[in-house]
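This report refers to the structure that appears directly beneath it.
The values are calculated or read from the model by the stated rules, or taken from the named source; none is laboratory data. Predicted, not measured: the structure shown is a model, and the values here were computed from it. As a convention, Cβ positions derive from the backbone with ideal geometry for all residues, glycine included, and neighbour counts pool all protein chains shown. With ligands, DNA and RNA removed, areas are computed over all heavy atoms of the protein, side chains included. Shrake-Rupley method; radii C 1.70, N 1.55, O 1.52, S 1.80 Å.
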Amino acid sequence: MNQHTLHRREFLRDSSILVAMSALHPYIPNISAKPRRVALIGTGWYGKSDLFRLMQVAPVDVVGLCDVDAHMLKQAATMINERKPQKNLATFRDYRELLKQTKPDIVLIGTPDHWHALPAIDAMKAGADLYLQKPISRDVMEGEAILATARKYNRTVQVGTQRRSTPHLVEAKEKIVDAGLLGNIHHAEMCCYYHMHSNANPPVQPVPDFLDYDMWTGPAPLRPYDGLPHRGWWRAFMEYGNGIMGDMCIHMFDAVRWMLGLGWPKSVSSNGGIYVDNKGKSNIADTQNAVFAYDGIECVWQHRTWGNPADPDYPWAFKIYGDKGTLACDVWKYDFTPVGDGRKLHGDVLWEKEKYPEDLTEPDIELHVASATRRHMLNFLEAIDKDTRPVADIEQGHISTASCIIANLAMQLGRPLSYDPVKRIITGDEEATKLLQRKYREPWQHPSLDNV
């Protein structure tokens with residue numbers, strides 16, 4: 001059977017087959033009870049959240065924290081010690097010193113996108129396995145270098161695309177997609193209609209003494225300082241990230257690829273720009289469409305940071321269309337609607353408030369995502385112990401990341417692009433191939449495959 005064509009099997013007539021998600025997916029792997037030496041690079045919102053989820057499911061010794069913001073670093077150390085006192089916790093401004101002095105077993109990277117590649121590569125070379133937030137890179141060749149390093153040094157790398165570990169989505173994949181209820185699948189749609197484009201125009205101002213802005217900028221172009229970049233402001237600029245395509249599309253595109261067993265797209269096309277939210281400094285697209293084309297199936301993305309969502313029930317979501325039904329999924333739920341007569345199926349997010357009551361008092365936690373991240377961490381640890389590939393292995397993270405980056409390049413150049421992952425070129429397009437690697441700001445050097 002062609003991997004991109006899923007055939008319908010016998011319909012689930014007995015609703016009792018759909019047992020409670022907590023019983024279906026308890027996910028308690030047999031992992032080592034020995035505490036692991038863990039370090040976190042990037043102690044902001046999601047860096048701390050990832051670390052707290054890891055601390056909930058395994059014994060860890062947090063040995064190092066790194067951040068260029070002294071206030072954020074101090075706050076993170078305090079919160080971690082309040083959660084569980086750490087005997088060996090040290091703090092650093094430079095991640096290279098952290099790696100040299102603490103020698104961690106596991107490194108979590110929660111920095112902005114432009115600071116993913118160098119710490120990831122250096123951490124793996126220093127002997128650590130890696131939990132790396134998405135998108136894994138700011139340009140395609142960074143991703144190739146991260147993947148090559150992981151394979152050369154046999155490091156386990158889990159990418160923070162935790163839709164692959166989200167209980168209700170795992171259920172939807174098993175009970176609907178894999179069971180053939182959709183029939184023949186030839187189309188998927190993905191979207192984000194959240195109003196995420198900033199129209200802010202903050203003035204240029206002095207850099208505060210607690211922030212090393214030059215180190216924060218690192219290999220990216222140095223913008224005039226106009227306020228703390230943390231949490232949301234850096235996402236407004238292509239200098240540091242990959243726009244909404246790299247922030248939000250990657251989650252849904254990766255989930256669709258996982259559910260349908262898709263690899264590299266044959267071609268990527270995209271169009272869009274700043275059409276409505278054009279009064280601020282932000283240079284990311286407020287409107288963008290993209291098509292990731294495969295044999296016999298197209299995965300179509302759209303984001304608008306203005307107006308109303310096409311489907312108010314699924315404003316950030318993906319929908320998979322088959323000739324026997326449609327599956328709609330997001331981080332909260334799923335809904336299967338059959339063509340014609342048949343039983344509709346619905347699933348909801350798994351809450352674990354009673355099991356992990358500390359979730360309820362954690363600042364800024366995405367409570368509905370916590371169960372997924374915990375399972376993602378357990379899968380990561382199990383892969384380390386068994387020397388297997390985790391569910392969101394670095395190769396899968398690279399495919400999803402690079403495809404979104406190529407969509408941005410296709411929008412920039414105004415033509416479809418086809419990436420050859422063997423030759424590492426855009427086929428037949430020298431101009432586009434040159435854009436696969438961006439220039440680093442001195443003295444930082446772009447990672448080279450020759451030096452992996």
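Data table
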read-out	value
HN-Hα J in Hz across segment 235-250 - Karplus 6.51, -1.76, 1.60, θ = phi - 60°, x for Gly and Pro	5, 7, 10, 5, 4, 10, x, 10, x, 5, 4, x, 8, 10, 4, 4
Sequence-distant residues sharing a close amide H with ASP61 (under 5 Å, placed H)	ARG36, ARG37, VAL38
Those residues of segment 158-197 whose amide nitrogen sits under 17 Å from the label point placed on ARG343, 7 Å along Cα→Cβ	171-183
Those trypsin sites (Lys or Arg not before Pro) in segment 37-139 that DSSP places in a loop and that have at most 11 other beta carbons within 10 Å	LYS87
Backbone HN-Hα couplings from phi across segment 373-382 [Karplus 6.51/-1.76/1.60, Hz, Gly and Pro as x]	5, 4, 5, 5, 5, 4, 5, 4, 5, 4
Percent accessible area from carbon and sulfur atoms, the chain, protein chains only, probe 1.4 Å	50 percent
Tensor-based shape of segment 55-171 (alpha-carbon gyration tensor, a/c under 1.5 rounded, otherwise prolate or oblate)	oblate
Cα-based reach from LYS386 at 22 Å (exclusive), listing lysines while leaving out same-chain residues under 8 positions away	LYS34, LYS103, LYS125, LYS152
Placed amide H near LEU108: partners under 5 Å, 5+ positions off or other chain	ALA39, LEU40, ILE41, TYR131
Lys/Arg +1, Asp/Glu -1 at C-beta; the chain dipole; positive extreme among TYR213, LEU413, GLN158	GLN158
R0 of 56 Å, Cβ-Cβ distance ALA179-ALA200: FRET efficiency to nearest 0.05	0.75
Sequence-distant lysines (8 or more away, or on other chains) whose Cα lies within less than 30 Å of LYS344	LYS173, LYS175, LYS319, LYS324, LYS333, LYS353
Cβ charges +1 (Lys, Arg) and -1 (Asp, Glu), total dipole of the chain, debye	600 debye
Relative contact order, percent, the chain [alpha-carbon distance under 8 Å, six or more residues apart]	22 percent
Helix-only [θ]222 nm of the chain, DSSP H runs n ≥ 4, -39500 (n - 2.57) each, per residue, nearest 500	-8000 deg cm²/dmol
Backbone HN-Hα couplings from phi across segment 103-108 [Karplus 6.51/-1.76/1.60, Hz, Gly and Pro as x]	6, x, 7, 10, 10, 9
For the chain, share of DSSP beta bridges that run antiparallel, in % to the nearest 5	60 percent
Coil-residue GluC sites (Glu not before Pro) of segment 291-389, DSSP, other Cβ within 10 Å capped at 10	GLU354
